[in-house]
Amino acid sequence: VIEQQDRSLIISLQRFMSKKRMLLLLDSLEQVLEAAPLITDLLAAAPHLTVLATSREVLKLSGEHEYLVPPLSMPDLSQSVTADDLPLYESVILFMERARAVLPDFQITEENASAIAGICIRLDGLPLAIELAAARVKLFDPKQMLERLESSLHFLTSGKRDVPARQRTLRDTIDWSYNLLDESEQMLFSRLGIFIGGSALDATEAVCSPGLPINTLDGLESLLNKSLLYYGDISGSGPRFTMLETIHEYALERLAQSGEEQQIQDRHLKYILSLAESMESGYRRQNQLLLLARTEAEMGNLRAAFRWAIASEAFETAARLVSAVDYYFRYQEHRIVEGYRWFKQVLPEMDKIPRQFQVRLLLGAGRLAWVNGDVLPSVQFHQQALDIARKLGDHGSEAWLLTELAISSSNLPEKCEEAQRYNEKGLAIFLELDDKPGIAYALNIQGEILRLAGDFERAQEAYEESLVISYETGESYRQWMLLADLGFIAYSKGEYKRAKELATSCIRQQREANEKPYPFNDLFGLAGPLAQLGEPEKAARLLGASTALMEMIGSKYQPSDLPEFNKYITDVQAQLDEPTFEAAWAEGQSMTIEEAIDYALEE
């Protein structure tokens, strides 16, 4: 199409295309966005024209259909990774192609498979990042490369002369997109770097809006349109704004350079503390699972806020934060060890924390000490907190501490009778306060104490009464624990079919309620009944799976469940010769959590 003296080039293009049926490909339009309206003029003149455009920013034209190009498919490290599986993933295929371009003999082996998978995941499946990384295989083996990718923006560079300057390093590529933003958008972009794992809209506005020269929603829309930000429900806890890891790393660097990092850190901590405390009372009620899912989605932000509180010596805030989520730590088995570690970071600073927050801190620390198997420290934490709560006249905390003292003391033979008295006092206060979650908990503890004492009939009555109240409050985790406990009772009474039904129901309900179930502790509850019903090898596999998965997350069986666990192992071993038991145990230990649950529920 040649420009003519009596008409503009666009008119010549319109006339040329008007009668044609054609596809027009336009690449990298973010460089010339001011020309985008010309596409509308061309489409108006040519009814059979289709335009396919690539751009880092939405064109905002009538009739435009957006297609977000996803990252390349990546392996899932929660599953076992083998050399044979990896070539099924697009990111690995690209990595291997580019690696062999510089090192023709490069191969996937069982030794490097996990590292290659980790590289592709760390780089978010981004083609350019993977190409830049693969070009380094002459200098680093995959394991070394993965270690260095902790700072991927500095590691990934290219020496190629025949690519645009903005594509020679990953930093240049992101710089290119960042420089397309105006100053207010750049400010919002860097502030968003404070969020780890993304943020909900309310969090984004609370932390990023003050002092922002533009409307926050307009800025977010612009960043979404420029593909620097994504929005969607990726965790099942509600839609969130997220960044790819490499983009997030860059945003954090920009925040550090902005001069307002401390101000944004403080605002982020304030918001996260407020969020955690607002959710605390709901953990034991109807919307428990939604709140636990939200907490799981916010774990990156909770960690960042807690670290900042400790680094800033804001110990009261740190104590309030960890205490607010102690229920989450207590009942999420994969978080128990981490939660206990948080408490132990704050406990040495007790003298700098007001007494009402000392009570909550010691209460949570004692709970997590107990589930981690530290029975004596648990008793000491709760006794210290009980003394403070009574001096403050805090009857609600006193009731919880009495019941917690009851369960931790019940594992010390010399304190069994004292444990029962503690629990009776705690239950009485809960009844006086009409605290239904507390009543359910105290009845649950009553059942535990009676079961440990061998009084199975009265233990069953307490468990069943607690279960009725738990259905009223909607506390799902209490319901699942009670089903497991009732299964132990049924087993002790020789009702093996009933024990199997209760254990199976416990596991199935957890799987149905969670996308990623964590009933590690409950798998062994099915093993004993299965062995007594003629499936001892399956029982041995479930015991092996449960033990391996608990070890994987660094958790321990609750002290009150250890008698059943040890008895089930003994009963299963009695039905199998040693080689058969050990082989089945080893097979179970190799299972993932999903495989173990599927296997447990097989009929």
Quick one: net charge of Asn112's neighbours, Cβ under 10 Å, K/R +1, D/E -1? -2
Output wanted: per-residue J couplings in Hz (rounded whole) for the range 9-25, from phi through Karplus 6.51 cos²θ - 1.76 cosθ + 1.60, θ = phi - 60°, x for Gly and Pro. 5, 5, 5, 5, 5, 4, 5, 4, 8, 4, 9, 9, 9, 8, 10, 9, 9
Using alpha carbons only, how many angstrom separate the centre of the range 73-97 from the centre of the range 1-63? 40
Farthest towards the positive end of the dipole of the chain, among Leu201, Leu392, Gln79 and with Cβ unit charges of +1 on Lys and Arg and -1 on Asp and Glu, lies the Cα of Leu201
Exceeding the 20 Å Cα-Cα cut-off - candidates Lys270/Lys344; Lys497/Lys538; Lys352/Lys391; Lys352/Lys425: Lys270/Lys344; Lys352/Lys425
Give me the Å³ per residue figure for the convex hull around the C-alpha atoms of the range 348-408. 66
Given Cβ point charges of +1 (Lys, Arg) and -1 (Asp, Glu) and nothing else, what value in debye, to the nearest 20, does the dipole of the range 258-405 about its Cα centre take? 220
Treating only the Cβ atoms of Lys and Arg (+1) and Asp and Glu (-1) as charged, compute the dipole magnitude of the range 552-603 about its Cα centre; round to the nearest 20 debye. 360
Once a ≥ b ≥ c are taken as the square roots of the eigenvalues of the Cα gyration tensor of the range 368-472, is the result rounded (a/c under 1.5), prolate (a/b larger than b/c) or oblate (a/b not larger than b/c)? oblate
Dipole in debye (nearest 20) - the chain, about Cα centre, beta carbon charges: Lys, Arg +1; Asp, Glu -1: 1220
Over the chain, calculate the relative contact order: mean separation of alpha carbon pairs under 8 Å at least 6 apart, over the residue count, as a percent. 7
Would you mind calculating the gained length between Leu347 and Leu212 on full extension (0.36 nm times residue separation, minus the Cα-Cα distance), in nm to one decimal? 44.8 nm
Got a number for carbon plus sulfur as a percent of the range 452-527's accessible area, 1.4 Å probe? 44
Tilt relative to the chain, helix 315-324 - C-alpha long axis, 0 to 90 degrees, to 10: 80
Once both label points are put 7 Å beyond Cα along the C-beta direction, the Arg100-Ser78 separation in nm becomes 3.2
Largest first, what is the accessible-area ranking of Ser222, Ser114, Ser62 with a 1.4 Å probe? Ser62, Ser114, Ser222
Selected from Ala304, Leu13, Leu25, residue furthest toward positive end of dipole (the chain; charges at beta carbon): Leu13
Residues meeting the amide H criterion for Leu24 (H placed from the backbone, H to H distance under 5 Å, 5 or more places apart or on another chain) are Thr50, Val51, Leu52
Please give the contour-minus-distance gain from Thr592 to Arg148: 0.36 nm per residue of separation, less the Cα-Cα distance, rounded to one decimal in nm. 157.0 nm
If ligands, DNA and RNA are left out, what is the accessible area of Val379 with a 1.4 Å probe, given in Å² to the nearest 10? 20
In nm, give the distance between the simple-model label positions of Leu139 and Arg307, each being 7 Å from the Cα along the Cα-to-Cβ direction. 2.6
Exposure rank, largest accessible area first [Trp400, Trp585; 1.4 Å]: Trp585, Trp400
Out of Ala369, Leu94, Ile353 - ranked by how far each Cα lies towards the positive end of the dipole of the chain, with unit charges on the beta-carbon of charged residues - the top one is Leu94
Sequence-separation-based contact order of the range 469-591, relative, with Cα cut under 8 Å and 6+ spacing, percent: 23
What number comes out for accessible area per residue over the chain if the probe is 1.4 Å? Units Å², please. 46
Taking the Cα atoms only, what angle lies between the long axis of helix 216-225 and the longest principal axis of the chain, rounded to 10 degrees? 70
Return, for the Cα atoms of the range 239-340, the radius of gyration and Dmax in Å, separated by a comma. 14.6, 45
Can you tell me the orientation of helix 261-280 relative to the chain, as the angle in degrees between its alpha-carbon axis and the longest Cα principal axis, to the nearest 10? 40
Cleavage-rule hits (GluC sites (Glu not before Pro)) in the range 1-71: DSSP loop, at most 13 neighbouring Cβ within 10 angstrom: Glu3, Glu64, Glu66
For the range 94-107, 3J(HN,Hα) per residue [Karplus equation, 6.51 cos²θ - 1.76 cosθ + 1.60, θ = phi - 60°, Hz, x = Gly/Pro]: 5, 4, 5, 4, 6, 5, 6, 5, 10, 9, x, 8, 5, 9
Using a Förster distance of 35 angstrom, determine the FRET efficiency expected from the C-beta separation of Ala53 and Ala256, and round it to 0.05. 0.50
For the range 183-279, just say rounded, prolate or oblate: build the C-alpha gyration tensor, square-root its eigenvalues into a ≥ b ≥ c, call rounded for a/c under 1.5, and beyond that prolate if a/b exceeds b/c, oblate if not. rounded
Please report the net charge: other residues with Cβ closer than 15 Å to the Cβ of Pro239, K and R +1, D and E -1. -3
Average Cα contact separation per residue, the range 220-289, under 8 Å, 6 or more apart, as relative contact order %: 14
Where the centre of each part is set by its Cα atoms, how far does the range 267-301 sit from the range 204-264, in angstrom? 20
First check a/c for the chain, with a ≥ b ≥ c the square roots of the eigenvalues of its C-alpha gyration tensor; if it is under 1.5, answer rounded, and if not, answer prolate when a/b is larger than b/c or oblate otherwise. prolate
Can you give me the Cα centroid spacing of the range 323-368 and the range 542-603 in angstrom? 30
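The values are calculated or read from the model by the stated rules, or taken from the named source; none is laboratory data. Fair warning: this is a prediction, and the values are worked out from it, not measured in the lab. Positions of Cβ are generated from backbone atoms using ideal geometry, with glycine treated the same way; all protein chains shown enter the neighbour counts. Side chains included, ligands, DNA and RNA excluded: accessible areas come from the protein's heavy atoms. Shrake-Rupley method; radii C 1.70, N 1.55, O 1.52, S 1.80 Å.
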